[in-house]
Amino acid sequence: MAKNLIKKYLPDTEKIKQHPSLKIFGTLLHDNNLWHFNRRSARGAFAVGLFVALIPMPFQMVLAAALAILFRVNLPLSAALVWLTNPLTMGPIFFVCYQLGALILGHPGHHVEAQVSLSWLLDSLDTIGKPFLLGSLIVGSTLSALGYVLVDYFWCLSAKKAWKDRIQQRQSQIESD
């Protein structure tokens, strides 16, 4: 079942509660709903995690944790999903976000030579900032909604299959007796 597969790869609850960056949430982390793994908490966690993953900001995990607390969804899953945008995937994903935002705003594509410096970042915000942020919000919202719907669909599908398997198992037991 998908539930068991996802739970297998999630980090330990106590390790997450003790993480230094999450200390700011204090006793809010003791809400049991943040650690339960059910249909509602999983689909909400996918929505939160995928949305935050596409928001270009540092410390995305802290924002994902705050939103998981606010919406009372599975915190470990929300925080883990922000790693969709990691150092290897960030460039291509954010490039697509910029291209989408530029297309919607009618901006011509800018040739940008990326540099890793604060001055370059501040200077480029005027040229690429608005299309990039708009594209990130659109892609993040779309992925969030898609993740929510797909998790809900596959959860129901898995539950129906498990129910049918139980019925077949009971019928075979009755027939063998």
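The values are calculated or read from the model by the stated rules, or taken from the named source; none is laboratory data. Bear in mind the structure is a predicted one, so any value in this text is a computation, not a measurement. Here Cβ is always computed from backbone atoms with ideal geometry, including for glycine, and neighbour counts include all displayed protein chains. Keep in mind that these areas ignore ligands, DNA and RNA; they rest on the heavy atoms of the full protein, side chains included. Shrake-Rupley method; radii C 1.70, N 1.55, O 1.52, S 1.80 Å.
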>> Sort LEU70, LEU146 by heavy-atom solvent-accessible area, probe 1.4 angstrom, most to least.
In response: LEU70, LEU146
> How much of the accessible area of region 131-170, probe 1.4 Å, is carbon plus sulfur, in whole percent?
Replying inline: 72
> Per residue, what accessible area does region 15-166 have, given a 1.4 Å probe and all protein chains present, in Å²?
Replying inline: 60
>> Quick check on packing: order 162-173, 47-58 by the mean number of other C-beta atoms within 10 Å, highest mean leading.
In response: 47-58, 162-173
> Which distance in nm do the two modelled labels at ASP126 and GLN169 give, with both placed 7 Å along the Cα-to-Cβ direction?
Replying inline: 6.7
